[in-house]
1. Hey, can you tell me all the residues within the range C:1-56 that are in contact with a strand residue (DSSP E or B) (Cβ under 6 Å, 6 or more places away or on another chain), facing another protein chain (nearest Cβ under 7 Å) and within 17 Å of C:Thr158 (Cβ to Cβ)?
2. Looking only at the range A:16-46, which residues are at the interface with chain C (Cβ under 9 Å from one of its Cβ atoms), surrounded by fewer than 18 Cβ atoms within 10 Å (Cβ to Cβ) and not in a loop (DSSP other than H, G, I, E, B)?
3. Assess whether C:Asp242 counts as being touching a Gly at 6+ places or on another chain (Cβ under 8 Å), surrounded by fewer than 16 Cβ atoms within 10 Å (Cβ to Cβ) and either free of Cβ contacts under 8 Å to residues at least 12 places away in the same chain or in the same structural domain as C:Lys139 (by TED's automatic domain parsing) (or both).
4. Suppose the filter is small (Gly, Ala, Ser) and either in the same structural domain as B:Phe449 (by TED's automatic domain parsing) or at pLDDT 95 or above (or both); does B:Ala491 pass it?
5. Just the residues that are assigned to a loop (DSSP other than H, G, I, E, B), facing another protein chain (nearest Cβ under 7 Å) and farther than 16 Å from B:Trp779 by Cα, please, taken from the range B:1-31.
6. Are any residues in the range B:95-115 of a type outside the set (D, E, K, R) and assigned to a loop (DSSP other than H, G, I, E, B), and if so, which ones?
7. What are the residue pairs meeting all of these: first residue in the range B:299-318, first residue in contact (Cβ under 8 Å) with a residue 40 or more places away in the chain, second residue polar (S, T, N, Q), Cβ atoms under 6 Å, and 6 or more apart or on different chains?
8. Looking at the range A:98-123, which of the residues that are touching a residue at least 12 places away in the same chain (Cβ under 8 Å), surrounded by 18 or more Cβ atoms within 10 Å (Cβ to Cβ) and assigned to a loop (DSSP other than H, G, I, E, B) is nearest to the chain's Cα centre (by Cα)?
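The values are calculated or read from the model by the stated rules, or taken from the named source; none is laboratory data. Being a predicted model, the structure only gives us computed values, none of them experimental. So basically every Cβ, Gly included, is an ideal-geometry build from the backbone, and we count neighbours across all protein chains shown.
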Amino acid sequence: MGLRTFIAGWPVYRQLTGTDPLGRGVAAQSGRSAGLTARTETADRVARSVCPYCAVGCGQRVYVSDDRVTQIEGDPDSPISRGRLCPKGSASKSLVTSPLRQTTVRYRRPYSTDWEDLDLDTALDMIADRLLAAREQTWEDVDSEGRPLHRTLGISSLGGATLDNEENYLIKKLFTAMGALQIENQARI
Amino acid sequence: MAEAHPVGFQWVMEAKRRGAKVFHVDPRFTRTSAVADTYLPIRAGTDIALLGGVVRYILDNELDFREYVLAYTNAATIVSEQFADTEDGDGLFSGYDPHTDSYVQTSWQYAGHEQDSGSGHTAKERDGAAGLQHESHGAQVSGQTARDETLQHPRCVYQILRRHFARYTPEMVERVCGIPREKFLELARAWAENSGRERTGALVYSVGWTQHSVGVQYIRTGAIIQLLLGNMGRPGGGILALRGHASIQGSTDIPTLFNLLPGYLPMPHHADHPTFDDWVDSIRHPGQKGFWGNARAYAASLLKAYWGDAATPENDFCYDHLPRMTGDHGTYQQVLNMIDGKIKGYFLLGQNPAVGSAHGRAQRLGMANLDWLVVRDLFMIESATFWKNGPEVATGEIVPQECRTEVFFLPAASHVEKEGTFTQTQRLLQWREKAVEPPGDARSELWFFYHLGRRLREKLAGSAHRRDRALLDLAWDYPTHGPLAEPSAEAVLREINGYDVSTGRPLASFAEAKDDGSTAVGCWIYSGVYADGVNQAARRRSRHEQDWVAAEWGWAWPANRRTLYNRASADPQGRPWSERKKYVWWDPQAGEWTGYDVPDFERTKPPTYRPPQGASGPAALAGDDPFVMQGDGKGWLYAPSGVLDGPLPTHYEPAESPMRNPLYGQQANPTRKVYAHPVNSVNPSPPQEHSAVFPYVFTVSRLTEHHTAGAMSRTVSPLAELQPEMFVEVSPELAAEAGLTHLGWAHLISGRAVIEAKVLVTDRLTPLRVDGRVIHQLWLPYHFGYEGLVTGDSANDLFGITLDPNVLIQESKVGTCDILPGRRPTGPPLRDLVDDYRRRAGIVPGERPPTVTTRVRRPAGRSGDGPREKGADHA
Amino acid sequence: MPDGNSLYGPLDPAPDAGWTSAGPRMGFFTDTSVCIGCKACEVACKEWNAVPESGFDLLGMSYDNTGALTANSWRHVAFVEQPVPAGHRSAPFAGTPPDGPSGVGPQFLGMPGAQPPGRGTGAAERTDFRWLMMSDVCKHCTHAACLDVCPTGSLFRTEFGTVVVQEDICNGCGYCISACPYGVIDQRKGDGRAWKCTLCYDRLGAGMTPACAQACPTESIQYGPLDELRDRAAQRVTALHDRGVPEARLYGHDPTDGVGGDGAFFLLLDEPEVYGLPPDPVVTTRDLPRMWRRAGLAALVMTAAAVAAFVGGSS
């Protein structure tokens, strides 16, 4: 920065030489203010999404910079929501970036009074073993008249109303093939 | 609606701006009431009495849209002479079987079809929550029916309706609901006026309607009104269910429900469906009209999608791999089974039953008695920490060192960290693009279940056990991508849509599904979402670039149709009812149906079409039968089958009520599902003694600022700070009566629990004058629990477990309680307080209240077998 | 160039502040007759502007747990429960017990405390009832005292005619806080600087709508050129009067009022005080020129006296 630019950037100089002699507007604008831009303008990418709260299905635009979500707001193109969001939808960025989110597997041993850490792969393997064991212990092949039952009543599941259709499809498909019948979700509640 | 679905409410405000009148009925004055034209406070649990009053008003004044009613509903159909109404049975219909507390539906059938229609005994259907199957189609009814087009026949539906609702007078509405008759008449008048060729009215309800022991019949009553007024299948009309979760519609369509398979195909029952043919025929009902005639193709194609190459016509497409129902396997039965030690492992997938389900204590005690529990969530929810922080730890009922449940908490990916479709409340599928990778160990359910399945199959490889066949035969080869090996959601959506097995070509619609194994379709009603190999749910053509129907935004099932049964938007001749209400119509020149939406009718079937004798399936529907998924093509004012607690809605008191039913001797729904389990109980209601121990009616619902059990809002600071504490709303009158002070503490006691809350004294709650006495109601949000940024006691802890018989959904919108000033006791004295109330109320663990409370003997010969009276009236 | 009305009276403030090629003045029109009190504005504002949390306190002020506009709440939804008839609408509680004589009880004015909202506990007075909601915000006054008193030039008038605190300049002196006739601008604890609504200055620069107005489900908060908004608001008042809502009135729309008109103005359904708004706000620097003139005069007199004394002393 040359001396001339430095002086030209000095508010008092601008106030005395510019159109804002009272120094309340253009002369008072700081460099930061002059350079401000909406972070949505400079985002690396925008994902078109849908609000995860109620079932109205409001359109969301998810703005991402440096692989971090920087803003989530209504999608004005949506014929359902016309770009609007309620307080919950408006809080979506805080939801997905909340410091309270759990990002590691937690494990509570039987009779333990606290959590411990567990590797994700190990957890998956332990769950698979427990599923097979529960299934084996509680398997019902046929009823008292020899008609097929092909099931286990030793396994339960609850959830799915905020999951994707594709996820629910795989959940139902896998549990059904396992013979696990007691698969339920919020639609029962 | 403004409270729980604010953005949807913009359309109500839009309608209001254009002159629509908005009525709001709610036990408490909410943000919706604040901007409604008329607010009607109502006693919780009495909606059928109110709506029945509207039905009576319409019929008495002959204000129905007669041309529509005659042509499009079953008003003219003649019902069996065996049928006896609740008028004759003091609140019971004919066919009641007191041994099973359920109906034999034979006498409800259309005349001449007593033996070949309906499902006969309904106890089994109740256990299977069979009502849910009808979300995409009506119940079965066969063949041609006798009709009286003059509506004069004493047994035609129209006349039965008149008699059934005759006593739902404005005076009775006032007596039952506490709604002044002038207020009621204002509603009835306005509703009836918005009917006919030029006008329509819309009915909007939310999840609360379903959470009653008569929930399905609430909605049935609404349907009767909307059919009588000609408001179905027409723009500006309809019954709009505002569902509460982003894809709760999707999770019913592609169900994670025990009694359903994708596309509302029933899960087979061990006794009724031993073979594939039995199963398929029970769905399609050979000889029946309508689109379920093709059920064999949908069923075969689903099994083909599940078991791929292993599924062949010769082995009935691996039908024997499907697990079989033997009774009620619903979530509440499961919880009781957990307490009884019958269940080993439990998965919670974005669900928080410790706070969100009725009878929170039962939920937590059940979870404390498992071998293992897997919780997949964004946050550390109450259902994951019950063994450590739950209220039962404070009372000593759960001791961490003695609680054997092994708990796995696995972090889940959020909605921006995965791609896939949500189905919103109007059946619209919208694809979400992935924005970022999930943090740390967080994974999508797609990832978790795909890799879990892969691992299970690896562990079982080579197994010769019969039980492992279904897992090993499973078509489970989805492509994965990226560093986490995320399965392709698009590949799954393509399977859901369905494809030609030999060429892989995605099907254009469910009409292409075959029953010979040549097509695989994961969910037939979603067929078309991947038509032409294009992800139709990802369409995002701006609303500015298309008409108001916006058919190119997302994709709606079925067939991208935005309004169901829209054939009814045209008159029987196929012309729009009016220019103003034009939507779908017959174009005689082109010889096809056309309009703004995808016609819900065979495109080239003219209005004049009459089916040939003996026709079945779609061909049996006439050119003026708009309700194409119904067995007779008609909108059902009267339901001869499908609804288990009566062909017509009847007001019953909630399972817990301070009042005797003013309409009938029958107090509560005689077919409601009750669990006689030591952990469960029902507060006494008249005619039982001691109902005064729990003198107040309480109801719960949502606040705008929070979401369901709070996991997605009490953890998010800009939301948590807006409603930071558990509170109870009471009227100034109740505050004075119970000694409560504004912002002071109070505790509420039911037969299950005691919870505490801060008191908000407000005019938004009002006492009601009901049947000569004053009833106080109080209101609580159900969002609070013991984890998160803001915490508080859970309102759902107060409820017991009583279910609607059709869908096994719990009554958690009305109960009785007592309220006292001050904080609740802590530790063991808390249970002592509850026990003291139970003792005073005469609650005996494991005992259920009397089911039948009628005062008169019903006419002989018309009902089911067995004794007529059970549980005599003690009043 | 400064106008004769630079400090008081009708004025287009952006050109007055040296923005020679300023576009139309932009602002908010908040129509409280369609507000559903959802607080989307509060949250959307916090999300966009990264405003910190303002505390987890149940205030007992109906559904308002924000309390006021503060450094950490730049939008604030007030809830007013009133036992008065709601215009053309039918009386919600008519006919419910106990049937007492109708009468207008005390109003809940949105002040925190142990008194319940509404009519109190007088059980005999249940009658009509309405629930008013209003999303309050910085008014972006034509004559903004906060700006006028700011010694550092942190507060400035933007090219959109709005008033913005520049966080890189503010030194936390706090002069602006006592100057604001609405009590809007506030110091943030631990930070010391003054914060308030910027009308999303950064978004405006990108041609976007402010976050609160973009989110608002019912178009209660409308953003646009102030002239257009004033026309629209006048039409809305007429429409409401025609529909039997005579109590509808505008607040802050008048360029001849004590602050030269607000850049953020409101349609209210009751007196401003009911919503916690001052009935007749006046820019606290209205008298600044006169004060300066007097100060100048006083200085002159003192100088003259000193000179006189000096001269006198020497004579």
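1. Once the filter is applied, which keeps residues that are in contact with a strand residue (DSSP E or B) (Cβ under 6 Å, 6 or more places away or on another chain), facing another protein chain (nearest Cβ under 7 Å) and within 17 Å of C:Thr158 (Cβ to Cβ), the range C:1-56 yields only C:Ala17.
2. Residues satisfying the conditions are A:Gly31, A:Arg32.
3. It is false that C:Asp242 is touching a Gly at 6+ places or on another chain (Cβ under 8 Å), surrounded by fewer than 16 Cβ atoms within 10 Å (Cβ to Cβ) and either free of Cβ contacts under 8 Å to residues at least 12 places away in the same chain or in the same structural domain as C:Lys139 (by TED's automatic domain parsing) (or both).
4. yes
5. B:Ala2, B:His5, B:Pro6, B:Val7, B:Gly8, B:Phe9
6. Passing the criteria: B:Gly95, B:Pro98, B:His99, B:Thr100, B:Gln109, B:Ala111, B:Gly112, B:His113, B:Gln115.
7. Note: pairs meeting the criteria are B:Ser301/B:Thr519.
8. Top of the filtered list is A:Val105.
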